[in-house]
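The values are calculated or read from the model by the stated rules, or taken from the named source; none is laboratory data. Keep in mind that this is a model prediction, so the values were computed, not measured. Glycine gets a Cβ as well: all are built from the backbone with ideal geometry, and neighbour counts include every protein chain shown. In case anyone asks, the SASA skips ligands and DNA or RNA and just uses the protein heavy atoms, side chains included. Shrake-Rupley method; radii C 1.70, N 1.55, O 1.52, S 1.80 Å.
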Amino acid sequence: MGGLTTLGVVHTAIAVVAVVCGFVAVARDREISSRNRLGQSYLVLTLASALTALGIFRHGGFGPAHALAVLTVVALAVGTVAATSHLFGRASRYVEAISYSSTLLFHLIPAVTESSTRLPPGAPLVASQDAPILLGIDLALLVVFVVAATLQARWLRRSLRATSTRPTSGAPARP
């Protein structure tokens, strides 16, 4: 499969399923959450993808894709701490959501790079991972992430406000 090692094939399959789960979760729930099966699947698959990425050395030693794998593990850890503790206080839900969502960006950057340098077979779209067009695409992905994260934070704020103003056990709603 396009010069991929066995580990590369396994990594790619895991990552593709993770990305699909992540996009479905964001489309359906507006966030990736450890509180539902889809979010849990995404998080486990993303961790597996990041860990398998650390064993792939197509371009020699430790490279940008490895750094993104490490950032992914860190983002998953931060999101998990935010979801399971009060370390971040009132910001915990925001930290959780943005941390988990950032991992989608960390999936997409190497996916675009590897796809562009390998496909179509025999005549890839770009000659190397250092092609200037890839920097532009990475920047565009970052802009899309910042816009999406901003919208997600606004949605969370509205959602959390609505939840905190709901009446509890027959008590009248606050004005």
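Observations
- Here, region 1-82 has an Rg and a Dmax of 13.5, 39 Å when only alpha carbons are counted.
- Label-to-label distance, nm, for residues given as PHE62 and VAL144 (7 Å Cα→Cβ offset): 3.0 nm
- Debye intensity ratio I(q)/I(0), log10, region 94-139, q values 0.15 Å⁻¹ (C-alpha model): -0.45
- Cα gyration tensor, the chain - rounded (a/c under 1.5), prolate or oblate: prolate
- Taken over the Cα atoms of region 71-122, the convex hull encloses 59 Å³ per residue.
- Here region 46-107 has 74 percent of its accessible surface on carbon and sulfur atoms, given a 1.4 Å probe and all protein chains in place.
- Net charge of the neighbourhood of GLY79, taken over other residues with C-beta under 13 Å away and scored Lys/Arg +1, Asp/Glu -1, is 0.
- Fraction of the pair-distance distribution of region 46-140 above 16 Å, Cα-Cα pairs, percent: 60 percent
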